[in-house]
């Protein structure tokens with residue numbers, strides 16, 4: 001395992017030093033994140049000012065969902081999206097061969113090779129807002145309350161990862177799949193507000209078809225005590241199921257990989 | 001026929017190795033596109049047809065053939081990148097397509113047209129990543145990089161971003177990245193592609209040195225005959241997925257060039273018509289003419305030339321290997337395939 005840890009450290013070190021060349025862009029990304037988050041909060045604030053409660057979620061509770069969304073979005077931008085992008089580049093350029101020939105799990109490599117600092121502002125903003133929203137709840141969260149959200153949050157992140165990786169795997173056959181990132185972004189965006197706020201049909205879809213509910217709503221609901229263990233167990237089931245399916249799908253894809261011609 | 005040392009167990013075995021690809025067949029134009037969209041036509045390409053060969057430990061084998069001959073496909077099967085349609089690939093006792101770490105740790109692949117170096121970063125960063133992946137300790141990796149870089153005459157280039165390097169420097173750095181873990185089996189697909197003569201020479205010298213020091217087996221494809229003549233004692237000639245020849249480099253000339261090259265230096269200039277009776281004119285340049293003469297008529301032709309023409313100098317040599325191989329590929333392989341009893345092309349007729 002130390003071999004993987006050492007490799008990961010070098011992967012991320014190399015990615016960061018490659019991106020550090022473009023410092024100005026980082027500032028733009030940070031400004032963009034603040035504006036996006038500000039916009040989301042402003043929309044919410046307008047609704048709540050007029051006494052509207054999203055599916056029975058109070059203002060700080062809804063804010064918590066936005067915070068979790070921002071954090072996951074940051075994770076997606078920092079780790080998931082750049083690596084998904086790299087998979088299709090590897091397939092197109094034929095450099096996937098170099099990955100497959102290394103004595104290291106190819107899925108690990110392709111999931112962690114790149115780290116983009118663009119997502120970092122979102123991660124930081126998300127974390128800050130989680131702490132703030134938690135302190136504004138009717139019963140402010142203690143350390144235990146925050147910690148309770150950690151497991152469903154990690155499971156939500158795993159679900160997001162598995163769906164995206166499975167989609168990126170499609171590039172083995174179709175090569176051009178540049179819209180995967182847009183699709184995943186749109187999917188996660190649905191998790192910006194508490195799922196109970198949506199119409200019943202969407203609620204079902206976002207829980208059982210596209211498991212958005214497990215990414216932001218379940219962690220928030222667990223932290224605030226709105227739901228119990230059942231949903232966390234459900235979250236575990238979804239995450240493990242999708243991870244296993246995604247692994248199987250990847251291996252299946254490799255069997256039909258033909259490698260870009262010379 | 002094979003020049004391989006028969007005493008040691010082979011490191012690479014291809015046994016009836018076959019690869020069929022299914023490709024979409026599309027007619028040009030809009031109508032063709034529409035038809036293709038509605039009803040896909042597929043065609044099976046037999047990229048590699050039941051080839052058999054082995055590579056012994058420490059042996060450097062040249063894998064020759066025109067574009068599309070099946071060289072790269074065979075290499076991809078031997079490195080475990082793609083699954084054979086039928087037949088067996090074996091490297092160091094492993095089945096490559098299973099991609100066992102124990103095997104992958106001991107082999108490497110260099111492709112002249114693809115690169116593994118990280119583009120925006122100095123090559124040293126890639127070396128470090130590779131060292132971590134292969135579990136080579138940092139200080140040992142540093143030592144190896146230093147040693148290789150010395151042989152390849154690279155130094156401060158390794159701390160510059162890869163995108164700032166010349167093609168030759170980049171390929172040298174690619175080699176370091178590919179050999180840092182001291183692999184036992186090297187698959188080199190056009191490692192000197194596009195390099196200038198100096199860089200080509202450096203790469204060849206380096207590979208020869210590595211082979212001698214580590215006793216590694218090398219399967220090398222190249223379009224530069226100089227690579228082959230400098231490195232390989234044995235060559236495998238493949239075309240249209242079938243092996244045409246497997247044996248010593250010298251044997252290629254013997255088998256496929258039943259003619260010698262006669263160069264005449266004459267007192268005065270002659271026209272082609274006057275010289276055509278002596279042999280096939282390869283080159284006529286002022287008073288020097290280069291002829292290809294059938295081996296069985298060589299003595300009489302030389303005697304006739306010496307008596308009939310004002311010859312100042314006459315040399316007889318084997319034609320250059322490039323020309324022999326070139327002719328071999330150009331002449332169609334039908335009659336040559338017949339000459340080769342070792343081939344079993346019928347075996348290739350296996351469904352994909």
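The numbers here are math on the coordinates, done by the rules we state, and not lab data. Fair warning: this is a prediction, and the values are worked out from it, not measured in the lab. Reconstructed Cβ throughout: ideal geometry from the backbone, glycine too, with neighbour counts over all protein chains shown.
Tabulated values for the structure
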item: Which of B:97, B:127 has the fewest Cβ neighbours within 10 Å, and the rest in rising order; result: B:97, B:127
item: All Cα pairs of the range B:41-119, percent lying beyond 20 Å; result: 40 percent
item: Inter-chain Cβ neighbour average for residues A:5-18, partner chain, 10 Å; result: 4
item: Cα-only radius of gyration and Dmax that characterise the range B:1-145, units Å; result: 20.0, 63
item: Kirkwood Rh and Cα Rg combined as Rg over Rh, evaluated for the range A:41-108; result: 1.34
item: Cα gyration tensor of chain B - equivalent ellipsoid semi-axes, whole Å, descending; result: 40, 29, 21
item: Spatial extent of chain A: Rg and Dmax, with the Cα atoms as the point set, Å; result: 19.3, 64
item: DSSP-defined antiparallel bridges as percent of all bridges, the protein assembly as shown, nearest 5; result: 70 percent
item: Highest to lowest packing among A:140-148, A:212-220, B:176-184, scored as the average C-beta count within 10 Å; result: A:212-220, B:176-184, A:140-148
item: Contact order relative to length of chain B, as percent, for alpha carbon pairs under 8 angstrom and 6 or more apart; result: 20 percent
item: Exposure proxy ranking, count of Cβ atoms within 10 Å, fewest first, for A:48, A:193; result: A:48, A:193
item: With 5 Å bins from 0: P(r) over the range B:79-176, alpha-carbon pairs, percent; result: 2, 12, 20, 19, 17, 13, 9, 6, 2, 0
item: Once the Cα gyration tensor of the range B:18-72 is diagonalised, semi-axes √(5λ) in Å; result: 37, 12, 7
item: Relative contact order for the range B:1-139, counting Cα pairs under 8 Å that sit 6 or more residues apart, in percent; result: 26 percent
item: Relative contact order computed over the range A:2-256 (Cα-Cα under 8 Å; 6+ residues apart), in percent; result: 26 percent
item: Label-to-label distance, nm, for residues given as residue A:136 and residue B:272 (7 Å Cα→Cβ offset); result: 9.0 nm
item: Residue order, fewest to most beta carbons within 10 Å, for A:116, A:235; result: A:116, A:235
item: The range B:184-226: C-alpha gyration tensor shape, a/c 1.5 cut-off, then a/b vs b/c; result: oblate
item: Helix axis angle, B:321-330 relative to chain B longest principal axis, alpha carbon, degrees; result: 90 degrees
item: Rg over Rh [alpha-carbon atoms, Kirkwood Rh] for the range A:92-199; result: 1.06
item: By average C-beta atoms within 10 angstrom, highest first, the peptides B:35-44, A:10-19; result: A:10-19, B:35-44
item: The range A:1-99: proportion of alpha-carbon pairs further apart than 16 angstrom, %; result: 72 percent
item: Rounded tilt (10° steps) of A:81-93 against the dominant C-alpha axis of chain A; result: 20 degrees
item: Reduced Cα scattering model of the protein assembly as shown, Debye log10 I(q)/I(0), q = 0.10 Å⁻¹; result: -0.99
